[in-house]
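*Asks:* There's a structure below that I have some questions on.
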Amino acid sequence: MTTMKALVIAEPRRMVWATRDRPAPAAGEALIKILTAGICGTDIHAWSGNQPFFSYPRVLGHEICAEVVALGRGAEGVQPGQRVALMPYIACLHCDACQSGKTNCCEQISVIGVHQDGGFSDYLSVPVSTLLAVDEVTPEAAALIEPFAISAHAVRRAGVTADEQVLVVGAGPIGLGVAAIAAASGAQVIVADTSAFRRQHVADQLGLVALNPADAAFDAALREQSGGRLPLKVIDATGSPAAMNNAVSLIRHGGTVVYVGLHKGDLVIPDSEFHKKEATLLGSRNATREDFDRVCSLMASGQLRASMMLNHSLAFSTLDETFEPQVINNRELIKGVIHFDR
């Protein structure tokens, strides 16, 4: 049996190398060779012990670009040698959510790299139904299709349309994706983030206005940028309880708040503001094939680019040594992609 390397997070704050048998694709599966993998906030939270829906030990990695190596019996839709991106959500297809088309929030969902071992390994065997052919997309950009799809789903949940004023709170990878996709939908987009570094990234890479929500003049600046009124929609991508609790105060009457950032704990929303504005409050989780397809289309048209998120690269062979200093402790990290040695 041929072996491979996998990087296992054995417990919070401890990553170890493991030698494992290279998997053989089961019926309906493809064996894929990992080319690049994005580093997600989920991976960072798992490292620190703050990730909901998670157990140890685990091989992380769900933002994956790979090459198809072999196919199991009956597997169709991709061919060996093809470059693919992974849709890492395995849905049961039987629960009420799945039956209503919401496979992204399946009652029994299993996310590759979260609930089962993922792509911080040389090879992975996955259902062919989770693969998207991306031969025309560079491996770096293809590793970002999944986080962009998370953003696309949040924009779709918000029902963003052309000319609407939209505030995106948080200029991390998902917030940047939300801002870019909302702008591609024709919305008037403003981004809020306390980091001057990230606000500059928004200006440089997305060409959008970015405000500091900690400034005393933030509310006035927000109204100025929105034609004298508050935005109709706020999409929060912070996962910060303070920001999420405050989101209702940032929308105009009749507005909508979408939470795509995840907080491991309770939120306290001002009910008087919520009812006075007859606000709509929505959660956004994962993505569906519709969202992945939209991201691929926007990438093909040049409206989404890797540089909108990506600002750091790492090598898989030294990831156990570099993860803490270059990811956990890197205050200027927005999005990192791991390159696998071949």
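*Asks:* Taking the condition of being within 16 Å of residue 174 (Cα to Cα) and either surrounded by 21 or more Cβ atoms within 10 Å (Cβ to Cβ) or of a type in the set (D, E, K, R) (or both), how many residues in segment 211-255 meet it? Explain how you work it out, then say what you get.
*Replies:* Initially, segment 211-255 is screened for residues within 16 Å of residue 174 (Cα to Cα), giving 234-240, 243-244.
Subsequent filtering for residues that are either surrounded by 21 or more Cβ atoms within 10 Å (Cβ to Cβ) or of a type in the set (D, E, K, R) (or both) retains 234-238, 243-244.
Of the residues in that region, 7 qualify.
*Asks:* Helices (runs of 4 or more DSSP H) wholly in segment 236-342 with at least 3 residues that are out of contact with any Gly (no Cβ under 6 Å at 6 or more places or on another chain) and either under 22 Å from residue 141 (Cα atoms) or of a type in the set (Phe, Trp, Tyr) (or both) - which ones?
*Replies:* Details: elements: 241-246, 271-276, 289-300, 319-322.
Here the list reads 289-300.
*Asks:* Please specify each residue of segment 167-186 satisfying the condition of being aliphatic (A, V, I, L, M) and more than 29 Å from residue 86 (Cβ to Cβ). Even if it seems obvious, please write down each step before you answer.
*Replies:* Narrowing segment 167-186 to residues aliphatic (A, V, I, L, M): 167-169, 171, 174, 176, 178-184.
167, the sole residue that qualifies.
*Asks:* Strands (runs of 3 or more DSSP E) wholly in segment 36-133 with at least 1 residues that are surrounded by fewer than 21 Cβ atoms within 10 Å (Cβ to Cβ), of a type outside the set (Ser, Thr, Tyr) and out of contact with any helix residue (DSSP H, G or I) (no Cβ under 8 Å at 6 or more places or on another chain) - which ones? First the steps, then the outcome.
*Replies:* Details: elements: 63-71, 83-86, 123-127, 131-133.
Correct list: 63-71, 123-127, 131-133.
*Asks:* Looking at (1) closer than 30 Å to residue 23 by Cβ; (2) buried (at least 23 other Cβ atoms within 10 Å of the Cβ); (3) within 19 Å of the chain's Cα centre (by Cα), which one does residue 137 not meet, given that it meets all the others?
*Replies:* (2)
*Asks:* For segment 1-20, state whether one or more residues are aliphatic (A, V, I, L, M) and within 18 Å of residue 147 (Cβ to Cβ).
*Replies:* Taking segment 1-20 first, the residues aliphatic (A, V, I, L, M) are 1, 4, 6-10, 15-16, 18.
When the remaining residues are screened for being within 18 Å of residue 147 (Cβ to Cβ), the result is none.
Taking every residue of segment 1-20 in turn, none turns out to be aliphatic (A, V, I, L, M) and within 18 Å of residue 147 (Cβ to Cβ).
*Asks:* Would you confirm whether or not segment 296-306 contains a residue that is in contact with a Leu (Cβ under 6 Å, 6 or more places away or on another chain) and not aliphatic (A, V, I, L, M)?
*Replies:* Taking segment 296-306 first, the residues in contact with a Leu (Cβ under 6 Å, 6 or more places away or on another chain) are 298, 304, 306.
So of that shortlist, the ones also not aliphatic (A, V, I, L, M) come out as none.
Within segment 296-306, not a single residue is in contact with a Leu (Cβ under 6 Å, 6 or more places away or on another chain) and not aliphatic (A, V, I, L, M).
*Asks:* Something else: When the residues of segment 1-60 are narrowed to those that are within 19 Å of the chain's Cα centre (by Cα) and of a type in the set (Ser, Thr, Tyr), which ends up nearest to residue 285 (Cα to Cα)?
*Replies:* Among them, the one singled out is 42.
Rule-based calculations on the coordinates, nothing more; no lab input. Here the structure is a predicted model, which is why all the values come from computation and not from measurement. All Cβ positions, even for glycine, are placed from backbone atoms using ideal geometry, and neighbour counts span all protein chains on display.
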